[in-house]
Amino acid sequence: MTTEQESSNSLSPAAIQRLVDSHRQFLAFLEARVESRAAAEDILQTAFVRGLERGAGVRDEESAVAWFYRVLRNAVIDHYRHRAATGRALEGWGKEIVTHEAPEADLKQEICQCVSGLLETLKPDYQAALRIIDLEEGSLNDLAEQAGITSGNAAVRVHRAREALRKQVRTACGSCADHGCLDCHCKPKGAAGCRPGES
């Protein structure tokens with residue numbers, strides 16, 4: 001873009017100076033309409049940048065100030081719309097968390113027994129990783145500390161262990177595993193656990 005094109009797309013130097021001189025009044029205008037000085041400063045900063053980019057039609061100093069107040073009013077409206085949208089999203093997420101139900105104890109026990117049997121077929125490092133992280137609901141730091149490895153290595157170990165267990169579940173449960181083991185018939189009721197190759 002040439003200098004001539006840039007100057008035709010931006011405010012005149014006199015209009016820019018008038019806006020800079022009115023900084024305190026603009027900030028006071030915003031502080032009266034938003035929740036904090038920090039929010040007002042953020043809105044003003046963003047509005048200044050947008051104003052410098054889009055103010056080509058404004059030529060004299062007085063109309064620049066009036067135009068910039070309109071920009072600020074629109075920025076305040078956008079600020080509250082964004083806050084409301086964020087609030088609705090957080091509220092929805094909060095309701096989802098509250099209404100999320102944990103599996104019933106019997107179902108969890110049955111799943112755990114089936115997985116525990118398959119877990120024994122994995123390498124000892126993988127068994128320990130899945131017990132700590134998934135069954136005991138520990139953290140990667142817990143695993144790292146107990147195994148004497150870094151948390152990054154613990155994350156890799158858990159990933160590999162889950163992949164190995166997933167392969168064992170497919171081998172033991174067949175097509176049942178493809179459907180999420182929702183109606184598992186891979187072992188008789190009350191069996192100690194699945195073993196690859198058993199059905």
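The values are calculated or read from the model by the stated rules, or taken from the named source; none is laboratory data. All values reported here derive from a predicted model rather than from experimental measurement. Cβ placement follows ideal geometry from the backbone for every residue including glycine, while neighbour counts extend to all protein chains displayed.
Points worth noting:
- Pairs linking a residue in segment 14-32 that is on the phi < 0 side of the Ramachandran plot to a residue that is in a helix (DSSP H, G or I) and among the charged types (D, E, K, R), with Cβ atoms under 6 Å and 6 or more positions apart or on different chains, are ALA14/GLU61; ALA15/GLU61; ARG18/GLU61; GLU31/ARG37.
- Boolean, SER22 is at pLDDT 85 or above, of a type in the set (Ser, Thr, Tyr) and exposed (fewer than 11 other Cβ atoms within 10 Å of the Cβ): no
- Any hit, segment 28-50, residues being modelled with pLDDT under 85 and either among the hydroxyl-bearing types (Ser, Thr, Tyr) or surrounded by fewer than 16 Cβ atoms within 10 Å (Cβ to Cβ) (or both): yes
- Per the listing HIS179, HIS159, the residue uniquely surrounded by fewer than 16 Cβ atoms within 10 Å (Cβ to Cβ), at pLDDT 70 or above and out of contact with any helix residue (DSSP H, G or I) (no Cβ under 7 Å at 6 or more places or on another chain) is HIS159.
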